[in-house]
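Enquirer: Let me give you the structure first, and then I'll get to my questions.
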Amino acid sequence: MSKVQQDQMETGEKAHRRLALDLVETGTEDTGEGRVSRKLPEGITSSLLYSDIIRLAWPSLLELTLTQLTSMVDLMMVGGLGAWAITAVGLTTQPKFLLMTMFIAMNVGATALVARYRGAGEPKKANEILRQALFLTFTLSLVSSIVGYIFSEDMVRFMGASDPETLAGGTVYLKIQMVGLVPLALTSTFTATLRGVGHTRVAMIYNLAANLVNVVGNYVLINGHFGFPRLEVAGASLATIIGQLAAFVMALSVVLKGDHYLHLQFKERFRIQWNHMRNIIHIGIPSMLEQLAMRAGVIVYARTVASLGTAVYATHQIGMNIQALSFMTGQAFAVSATSLVGQSLGKKRPDMAQSYSNHTRRIGMITSLILAAIFFFFGRQIVSLYTNEPEIIAQGARILKLVALVQPFQSSQFILAGALRGAGDTRATMVITFLTVMLVRPILALILINQFHWGLDGAWVALVTDQVLRSGLVLLRYNSGKWKNIKIK
């Protein structure tokens, strides 16, 4: 590393406010003997821990929430075209996520590793991880993009498109998404590594700017305003990838500038560093298998719901879209847990790692209870933002009561799974996801819909059962304390 680059790293570190973690000595023995302890480390108070957690979480919370609100506005705007359009866009969601599985999983490895090296005070290695992760992401996303574009129509048909209009709309939407997949993937790697070193605010800024571009694009392209053509669902998809391209340009400029611990320099000759690549893949492969199991289970689940008809699936898609908003709080606090656990273990302070994750879970629980109350009492009003069809509004409001029920379990699951990933413990979450999403949810949905004839309500009972069981299993793994002993070479 050059002297200039070292100076930039030091400047970035000085600009970064010290964590409570920096107040303790490195290498203190963990008194928990593997299992999780509720005792705070010496010299550390709850207020210090909460301050660090919130400082890392609030930019991610704002970013993720507004990103999901943008997705909700997308669906509301598309909903003006009819139930077929909501279904067409909804049927593309799982194929797209399935194609994103590989590079998202590798990003989990990148986040855990840069967090460890940030905690250990090794910026050179953190930047080497960034370069290796970008190469891996580019390769995987390019292959996914080509495959997804070629087989778009087949995937939408497989998902259960029941009429020609829905099939045609879903196909064109997914093809446009595949064109923009590589910039989206690279941006996700920039975001994952920046979060790993604790710089969540800068990712928030460029992602919020992208959301604004997306919303404006929706307005002018879906129905045709200011002289732009009316492109309907194609316009919604095009607006999305334009926003993603804007985020990529801004994220690239951030890491090229090098003011946030990570610094990408094109003048350095690129070469594969197999030790780093192996570590990324070692952590990422279980996460990839977890995501594949999840997507396979969700696809079977979605196809089962799609068999109930276009109008019912539109109601389901609205419910999933609203529930995804509640994911954002859990995911935002999971970002804090991943970063702080990784950095704590990098400093050889597993006691700090468990204190951070325990306190993060408490904050998440309070937030989830507030969301639960909103969904339970105002479900009808929320669903009516998407459609004016009374049947969809009534059933959607009933679904949101189930969404309210699952909030505390969902929050705990996201946060503790984030802590496990920060430690590099991705195999446990893989097994848990396989058991719940791949087996419990789709099998139970098939039984409740086809044997008990519960319709859409049966599908959502299956989803709630999955979330509650998954939350309990993740908690058991976390409480075992085995994640504190995982070594990274």
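Enquirer: Normalised by the number of residues in the chain, what is the relative contact order in percent for Cα pairs under 8 Å and 6+ residues apart?
Expert: 23 percent
Enquirer: Using a 7 Å offset from the Cα along the Cα-to-Cβ direction at both residue 457 and residue 487, what is the distance between the two label points in nm, to one decimal?
Expert: Reported label-point gap for residue 457 and residue 487 is 5.6 nm.
Enquirer: A further question follows. Roughly what angle does helix 3-15 make with the longest principal axis of the chain, taking Cα atoms, 0 to 90 degrees, to the nearest 10?
Expert: 70 degrees
Enquirer: With a Förster radius of 45 Å, plug the Cβ-Cβ distance of residue 324 and residue 257 into 1/(1 + (r/R0)^6) and report the FRET value to the nearest 0.05.
Expert: About 0.90, to the nearest 0.05.
Enquirer: Next question, about the same structure. Report the extension gain between residue 365 and residue 45 in nm, rounded to one decimal, defined as 0.36 nm multiplied by the number of residues separating them, less their alpha carbon distance.
Expert: In short, 113.2 nm is gained.
Enquirer: Calculate one ³J(HN,Hα) per residue across the stretch 110-122 by plugging θ = phi - 60° into the Karplus curve 6.51 cos²θ - 1.76 cosθ + 1.60, and present them in order as whole Hz with x for glycine and proline.
Expert: 5, 4, 4, 6, 5, 5, 4, 5, 5, x, 7, x, 10
Enquirer: What nm distance separates the two modelled labels at residue 143 and residue 268, each placed 7 Å from Cα along Cα→Cβ?
Expert: 2.6 nm
Enquirer: As a check on your grasp of the helix formula, calculate [θ] at 222 nm for the chain: sum -39500 (n - 2.57) over DSSP H runs of n ≥ 4, divide by the residue count, round to the nearest 500.
Expert: About -27000 deg cm²/dmol.
Enquirer: So how tilted is helix 310-346 from the main axis of the chain? Cα-based, degrees 0 to 90, rounded to 10.
Expert: 0 degrees
Enquirer: Using the Karplus equation 6.51 cos²θ - 1.76 cosθ + 1.60 (θ = phi - 60°), what ³J(HN,Hα) coupling, rounded to whole Hz, does each residue of the stretch 425-430 give in order, writing x for Gly and Pro?
Expert: Whole-Hz 3J(HN,Hα) from phi for the stretch 425-430: 8, 8, 5, 5, 5, 4.
Enquirer: Output the pairs from 348/482; 96/124; 39/347; 125/257; 124/348 with a Cα-Cα distance over 26 Å in this structure; if there are none, say none.
Expert: Flagged as over cut-off: 96/124.
The numbers here are math on the coordinates, done by the rules we state, and not lab data. Please read all numbers here as calculations on a predicted model, not as lab measurements. Positions of Cβ are generated from backbone atoms using ideal geometry, with glycine treated the same way; all protein chains shown enter the neighbour counts.
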